[in-house]
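The structure appears right after this line, and notes come after that.
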Number of protein chains: 4
Amino acid sequence: MSRPVGFVGLGIMGAGMAGNLLKAEHEVVVWNRTASRAEPLVEQGATSAVTPSAVAEQCDVVFVCVSDTPDVEAVLFGENGLAAGLRKGSLVVDCSTVSPSATRAWAERLAEAGISFVDAPVSGGSEGAKNGTLSIMVGGAADDVERARPYLEAMGKTITHLGEVGTGQICKLVNQILVVVNMLAVSEALVFAKAGGLDLEKTLTAVTGGAAGSWMLANRGPQVIARDWRPGFRLDLQQKDLRLVLEAADSLGVPALATSTVFHLYRTLEREGLGAEGNHALVKALERLSGFEAAQD
Amino acid sequence: MSRPVGFVGLGIMGAGMAGNLLKAEHEVVVWNRTASRAEPLVEQGATSAVTPSAVAEQCDVVFVCVSDTPDVEAVLFGENGLAAGLRKGSLVVDCSTVSPSATRAWAERLAEAGISFVDAPVSGGSEGAKNGTLSIMVGGAADDVERARPYLEAMGKTITHLGEVGTGQICKLVNQILVVVNMLAVSEALVFAKAGGLDLEKTLTAVTGGAAGSWMLANRGPQVIARDWRPGFRLDLQQKDLRLVLEAADSLGVPALATSTVFHLYRTLEREGLGAEGNHALVKALERLSGFEAAQD
Amino acid sequence: MSRPVGFVGLGIMGAGMAGNLLKAEHEVVVWNRTASRAEPLVEQGATSAVTPSAVAEQCDVVFVCVSDTPDVEAVLFGENGLAAGLRKGSLVVDCSTVSPSATRAWAERLAEAGISFVDAPVSGGSEGAKNGTLSIMVGGAADDVERARPYLEAMGKTITHLGEVGTGQICKLVNQILVVVNMLAVSEALVFAKAGGLDLEKTLTAVTGGAAGSWMLANRGPQVIARDWRPGFRLDLQQKDLRLVLEAADSLGVPALATSTVFHLYRTLEREGLGAEGNHALVKALERLSGFEAAQD
Amino acid sequence: MSRPVGFVGLGIMGAGMAGNLLKAEHEVVVWNRTASRAEPLVEQGATSAVTPSAVAEQCDVVFVCVSDTPDVEAVLFGENGLAAGLRKGSLVVDCSTVSPSATRAWAERLAEAGISFVDAPVSGGSEGAKNGTLSIMVGGAADDVERARPYLEAMGKTITHLGEVGTGQICKLVNQILVVVNMLAVSEALVFAKAGGLDLEKTLTAVTGGAAGSWMLANRGPQVIARDWRPGFRLDLQQKDLRLVLEAADSLGVPALATSTVFHLYRTLEREGLGAEGNHALVKALERLSGFEAAQD
């Protein structure tokens, strides 16, 4: 009889994803640093474990979905971490967005213990996590990815195997470059439109459907002109991801000029206390610089 | 009995648009600098005139769709121009992408002769012009726009009245800011992806459908990695439009930093003879700078 | 007996330069749009003429020093302009900072009337003009430059003949690129220093004398930290010169990314009414963007 | 009787600096990872020790001058490091260019053992180190700085006490921002000059002495046009320092846009193997982007 699947990290993303594993009738053992966050999943049928290593002892495949590189490191190799409980031949699938080079280092370290590793960061926000419509970018050996696939398909709509370990993370960084530079485009365009005296609602109507269109324009443009800063994706988490982009660009020796500009603008906004606003608050940096505010009259 | 509608300028865009006026059973009088380009439309039922003023003498509403600000100026006020033939109470609708300030000056000059003016630049490329699915951004007095609307609806899918004369042109510039900065995003992202060792086709599959998505990514990303530089929109025309953006930004006193960066990159590519390639050849500037080429292996 | 030398344009720069011609015992005929500005020079021994063409009728060599390209155009070819009064074989030396391409066009037009032209823009500010220590960048035929040299040596310390007509203006634009990007360096450095909690006076002491040093740092750094915005060179005139740089860069097909960034920052400051402050007010754009103010405590 | 002064790290900078301590008749105990580099100093009268801790046992004041943050860390706290040998009341003066935040952490850690710490990074290159004309930027408690001053005055011409521990390092980063953005100015200006057809030697003559002037223009401009890439300061070390600038900017929440642009350009050049060239090879990035080469004909 097959053993249950583990899930470590039940934040907004992880809770939705683990929920979809349950809906797909997988047996799931969960752990979260703040234990109370496991309760809703236990009510849906999950088993709760007291430590990551306790999860590991019951499972051969364990998913991880936490905030940042040091968090994954702690979950894997810290006290009562997964590495302490996993047996030879098991598989860790990391859905966090973290450093590609750290990812490769973890995979090598786990391989020494006979444990496989797949990186599988996701895109699509909390709605995607909840609805099982995430885009999942996967790096790892083909066998390991196939082993993870049934679970991934319960959580995402587009599962793309990019290549070896780490390529999922690099692809996620590519995704983030596009997101923020598209948001830079929206910001510069709306500030220009305001300076030019345009009605911004009509402007969005006119330009969203054609060659100028983007997901950010369609979804965040209306929020900007309504001055609605509630996050789809938090500015401070976006900033963290750009830090990963710039570290990777430095490591690869490739310039990332536009992304770097956005990084600096976000960093200032974050320092001034806007970290909990959405990543579309980027427009505020251009507003301050230009003296024009992209608000619908 | 109603008089025919005029159409001056039968390039790739104008020919498709005038064709749609004919399909909508409007009587159309056409003129083009290179007369032979009128022939296919005459075969579809149009009447050909020998000069713009000859068009004007037969029509109360005349559309213009030419390349650049001086071209519109010549068609309106040059020898045998429209102004020489139009009678009081007639209407000119300019679908070219040209300077907002020149646009306002023309409208004032025509108003002195009792002629109305509407600016109505379009987006959607040659396919949109042919299929009648253009997005049309309209500036002018409400009465004049209503008068033009039946014709505009024959040529476009989205007709947005932005405000007074010139606002259509400003909105088109907003559109172009979005187009080129989104293309900058695609370029920086694909060069980074290549440097990171990713398979670029798989990368596009993974990122196109989500928050990173844009029209440029979906349509030009595949062309970039296939090294297919055939234009959807020519780089040199894109460059001309950015010159209009930067002139307007200067005039309005609003910064346009990202657009300006793209302008400089395009200008170099144009000088080196790539003006007839598509605007997605922008990636070549980043490729040269970085030493990585965003080609599918 | 030799004829007097003409001087058209008696602004801050021109007045000082014409004064130095007088000190060098040249006979000088002057004209200025606002006639009262000629009086101090008449007191020093100059003759005043009622129009540029009246200057031209008395002189074989005429210097021009006015504000912008259209001003030179008017002085040369407008009503009662120099071209109307100069005889064959005469020489115009233009010390204004203006468009290189307009400069070449004027030279060709004057050549048709047998009149020679030299461009000789200057650097060194009002002090340099007054003290005769300007750096003068000269473009023109070698014979014409030699003919102008005795006068130039009365006005400047460094006279550099760059090449044919227009090269003086291009060299002046090179000068302006250096000036403003060096000021960008000063601005970014001082804002960083402030954010890092440094005493700014001590910082200037520590960095001005070495590899980080520049004229802008030594002269404008102390003004910035003392919040003294009196102009050495006015922000709006600097902005005008950058417009010439960007037009020339566009014409040459060479990117000017850093200069372009400064242009956009200055343009916003100018729109907000800071045009009469010095070009070191650039720092205010970075202060607004960053939230840090580079003021000595 | 006073004890000798220690000097750890005898690279190009350290060797010159320790030599000047000897010339000023201080007794000096030295150590270098590659022991042979100590020999010339021993010939000048220095004593050589086998480990940093052996230096520490003979001295109450020890200078450190090594390459990067981890090197200082190793010298201080590694096996046989200074901390193992220094007695209570002694003083470490770090002349390396390293992280301000690491600097503050080291000072706190040493303070627990009763050891004082001063950061004193230097500017002025190998000539400055040899000739004792360095600019030294000092952070630390006033008493500690006074204790170090006699030695600093033997090595530098300008000794500036900025403030508490770490401020010397921050000031050095301010210095590096100025250096590289001034070099960006030189690069953009010379590429523009070349595109404009100017003679570059004459251009340098015309612009170096005035408001456009900088140390980089005067010293590196002629090298650029002569295509002489021998380092004053190595590109890869410059790049390391910019990494410190960007880390500090991130930590402080202050944008550093121009510096960041240079960082990305240097990183590409370094990846392509130009790390051992001088920091003026920055111009090669703009040359590649523009297609113009700033070489004297």
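The values are calculated or read from the model by the stated rules, or taken from the named source; none is laboratory data. This is a predicted model, so every value here is computed, not measured. Cβ coordinates were reconstructed from backbone atoms using ideal geometry, including for glycine residues, and neighbour counts include every protein chain displayed. Note: areas computed on protein heavy atoms with side chains; ligands, DNA, RNA excluded. Shrake-Rupley method; radii C 1.70, N 1.55, O 1.52, S 1.80 Å.
Here are the numbers for this structure:
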| read-out | value |
| --- | --- |
| Matching entry among B:SER135, B:SER187, B:SER126 (being facing chain A (nearest Cβ under 8 Å) and of a type in the set (S, T, N, Q)) | B:SER135 |
| Inter-residue pairs, beta-carbon under 7 Å, first within 20 Å of C:GLU287 (Cβ to Cβ) and in the range A:271-294, second open to solvent by less than 10 Å² (accessible area, probe 1.4 Å) and outside any helix (DSSP H, G or I), 6+ apart | A:ARG271/D:GLY253; A:VAL283/A:ALA294; A:GLU287/A:ALA294; A:SER290/B:VAL254; A:PHE292/B:VAL254 |
| Residue in the range C:142-154 that is at the interface with chain D (Cβ under 9 Å from one of its Cβ atoms) and in contact with a strand residue (DSSP E or B) (Cβ under 9 Å, 6 or more places away or on another chain) present | no |
| Verdict on D:THR205 being in contact with a strand residue (DSSP E or B) (Cβ under 9 Å, 6 or more places away or on another chain), under 30 Å from D:MET17 (Cβ atoms) and either within 7 Å of chain C (Cβ to nearest Cβ) or among the hydroxyl-bearing types (Ser, Thr, Tyr) (or both) | no |
| Residues satisfying the stated conditions in the range C:66-92, i.e. under 23 Å from C:LEU237 (Cβ atoms) and open to solvent by less than 20 Å² (accessible area, probe 1.4 Å) | C:VAL72, C:VAL75, C:LEU76, C:VAL92 |
| Residue list for the range D:270-291, restricted to those being outside any helix (DSSP H, G or I) and either of a type in the set (Gly, Ala, Ser) or buried (at least 22 other Cβ atoms within 10 Å of the Cβ) (or both) | D:GLY275, D:ALA276, D:GLY278, D:GLY291 |
| Entirely in the range B:93-197, the strands (runs of 3 or more DSSP E) that have 1 or more residues that are among the charged types (D, E, K, R), open to solvent by less than 10 Å² (accessible area, probe 1.4 Å) and at negative phi | B:116-119 |
| Single match in D:PRO222, D:PRO255 (criterion: open to solvent by 10 Å² or more (accessible area, probe 1.4 Å) and either touching a strand residue (DSSP E or B) at 6+ places or on another chain (Cβ under 9 Å) or under 28 Å from C:LEU198 (Cα atoms) (or both)) | D:PRO255 |
| Residue match in the range A:163-182 (condition: within 14 Å of chain D (Cβ to nearest Cβ) and modelled with pLDDT of 95 or more) | yes |
| Residues being within 24 Å of the chain's Cα centre (by Cα) and among the small types (Gly, Ala, Ser) - total across the range D:54-89 | 6 |
| Residue match in the range C:237-259 (condition: within 12 Å of chain B (Cβ to nearest Cβ), under 23 Å from D:ALA256 (Cβ atoms) and not in a helix (DSSP H, G or I)) | yes |
| Residue among D:GLU43, D:GLU25 that alone is farther than 27 Å from D:SER135 by Cβ, open to solvent by 50 Å² or more (accessible area, probe 1.4 Å) and of a type in the set (D, E, K, R) | D:GLU43 |
| Qualifying residue in the range A:224-234 (condition: touching a Leu at 6+ places or on another chain (Cβ under 9 Å) and facing another protein chain (nearest Cβ under 7 Å)) | no |
| Pick from the range B:198-209, criterion assigned to a helix (DSSP H, G or I) and free of Cβ contacts under 8 Å to residues at least 24 places away in the same chain, ranking: nearest to A:VAL186 (Cα to Cα) | B:VAL207 |
| C:ARG267 being at pLDDT 95 or above and either open to solvent by 40 Å² or more (accessible area, probe 1.4 Å) or not assigned by TED's automatic domain parsing to the domain that holds C:ALA189 (or both) | no |
| Filter result (within 16 Å of the chain's Cα centre (by Cα) and either closer than 20 Å to D:ALA193 by Cβ or open to solvent by 50 Å² or more (accessible area, probe 1.4 Å) (or both)) within the range C:225-239 | C:PRO231, C:PHE233, C:ARG234, C:LEU237, C:GLN238 |
| Conditions (1) at the interface with another protein chain (Cβ under 7 Å from one of its Cβ atoms); (2) at pLDDT below 95: number failed by D:ASP297 | (1) |
| Among (1) hydrophobic (A, V, I, L, M, F, W, C); (2) assigned to a helix (DSSP H, G or I); (3) touching a Phe, Trp or Tyr at 6+ places or on another chain (Cβ under 9 Å), the one test that A:VAL29 misses | (2) |
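Yes/no per residue for (1) touching an Asp or Glu at 6+ places or on another chain (Cβ under 7 Å); (2) closer than 23 Å to C:LEU252 by Cβ:
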residue	(1), (2)
B:ARG234	no, yes
B:LYS240	yes, yes
B:LEU244	no, yes
B:ALA249	no, yes
B:LEU265	no, yes
B:GLU277	no, yes
B:ALA285	no, yes
B:ARG288	no, yes
B:GLU293	yes, no
